[in-house]
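Step one of this worksheet: look at the structure below.
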Amino acid sequence: MSKEEIKSFIKNSENAEKVHEFFCPYRVCPLGAHVDHQLGLVTGFAIDKGTKFSFFEADNCEVEVYSENFEGSALGNFNEEYERQYTWADYLFAAAYVLRKSYILTKGVKGVVSGAVLGGGLSSSASVLLTYLKALAFVNDINLTSVELLNLALDAERNFIGVNVGKLDQSCEIFSRKNNLLYLDTKTDSAKLIKIPESMPDFEIAVIFSGLERKLAGSAYNMRVDECKAASYALKGFAHIEYGKFADSFLRDVPYGVFLQYRDRLPANWAKRADHFYSENERVKKGVKAFQSGDLKEFGRLIFESGRSSIEKYETGSDELKVLQDIMEDTDGIYGGRFSGAGFNGCAMAIVDPAKKDAAEKKIRSEYLKRFPELSSRFNIVFCRTADGIS
Ligand code: GLA
């Protein structure tokens, strides 16, 4: 079939029973940046923008999927060996690859995928993977629990796509609920939903695209993870703590007191990464308390602080995102903001007072584009609300 034929099959009301649609939101992480891979504490909101996949079942593991956003196609058969394309098509085959470790697939899918185009840093990759996993499980009559879905998506991202991510993105996109903040301990997996208190002022979530796309694979993301792990291993060694395997060593295992005692013996960069880890965990705890008590100002202040720590201690954030950080901090109506996700270009997020959002948008746009006029056709601000996880 061609793309047009697949689209008209989906649209045709006679096929309504055969055609299915899954939606998975993107996420923002107000507090808890770059600590999930060290088993830290994180917070998140799913937002009301995400990936939509309209599909129908195909026999014999056949696959034919097109994208509304990108050129090309995901074509093939799950029974045949797949050669990585390094394009969006890999994500569908990544989902099949991990599912097949535990299940037999007999069906494939044909369909069209589309994603809200907001720029990187909102975890669209986890969103698309989760959508495909759900769709493939659905056509193959596999019932996945939420935890299984999470672990499969992680496996696909780490072992097929090749980025050593933590659980933040997948957790937010599965467990979030509208009007709630998700608070997750990535060591114990205990997740809490904190309902927005009635006393809290109304807010919207601004997603601000720097105009430059982001890519995690090939970025310094994996190197930062290694720096954190190396710091944890060295600290355990200095303190004569049983250190086990390097792969299983995380900063969360190292008490803060041990870090303080041996900080100066660490290479300066490793010490800075650990500074970020311990301070971010504290900000998450304080931020959750502030959120619970309806104190949006304090919650926002901590988000700004988190952004600064990511820039100064964790040393992520492109030149453009650093300028955005300065502008957001100086804009009336923004409670707090920081770059969203890993910070290698892509988007920033901000918690915004809806009554002041137009003026804030105007100011951010004009100041940012004064600095980077060449990005004017790509720069973008979109306002979102919180949303439910994958449906
Ligand atoms: C990316 C990763 C997440 C997390 C964030 C930074 O989005 O996929 O696991 O580490 O960066 O907080």
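The values are calculated or read from the model by the stated rules, or taken from the named source; none is laboratory data. Predicted model only: the values in this text are computed from it and were never measured. Note: ideal-geometry Cβ built from the backbone for every residue, glycine included; neighbour counts use all protein chains shown.
Table for the structure above
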item	result
In the range 3-49, residue farthest from residue 335 (Cα to Cα) [restricted to those that are among the acidic types (Asp, Glu) and touching a residue at least 24 places away in the same chain (Cβ under 8 Å)]	21
Lone unmet requirement of (1) within 14 Å of the ligand (Cβ to nearest atom); (2) free of Cβ contacts under 8 Å to residues at least 12 places away in the same chain for residue 188	(1)
Complete set of residues in the range 312-325 that are touching a residue at least 24 places away in the same chain (Cβ under 8 Å) and within 15 Å of residue 220 (Cβ to Cβ)	313, 314, 315, 316, 317, 318, 321
Total residues in the range 50-88, condition under 30 Å from residue 284 (Cβ atoms) and away from the ligand (no atom under 16 Å from the Cβ)	0
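Each row is one residue, and each column tells you yes or no for (1) surrounded by fewer than 22 Cβ atoms within 10 Å (Cβ to Cβ); (2) outside the structural domain of residue 36 (by TED's automatic domain parsing); (3) in contact with a helix residue (DSSP H, G or I) (Cβ under 9 Å, 6 or more places away or on another chain); (4) at pLDDT 95 or above.
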site	(1), (2), (3), (4)
177	yes, no, no, yes
184	no, no, yes, yes
213	yes, yes, no, no
226	yes, yes, no, yes
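One line per residue, one yes/no per condition, for (1) surrounded by fewer than 21 Cβ atoms within 10 Å (Cβ to Cβ); (2) in contact with a Leu (Cβ under 8 Å, 6 or more places away or on another chain); (3) in a strand (DSSP E or B); (4) of a type in the set (Lys, Arg):
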| residue | (1), (2), (3), (4) |
| --- | --- |
| 18 | yes, no, no, yes |
| 63 | no, yes, yes, no |
| 76 | no, no, yes, no |
| 79 | yes, no, no, no |
| 83 | yes, no, no, no |
| 88 | yes, no, no, no |
| 91 | no, yes, no, no |
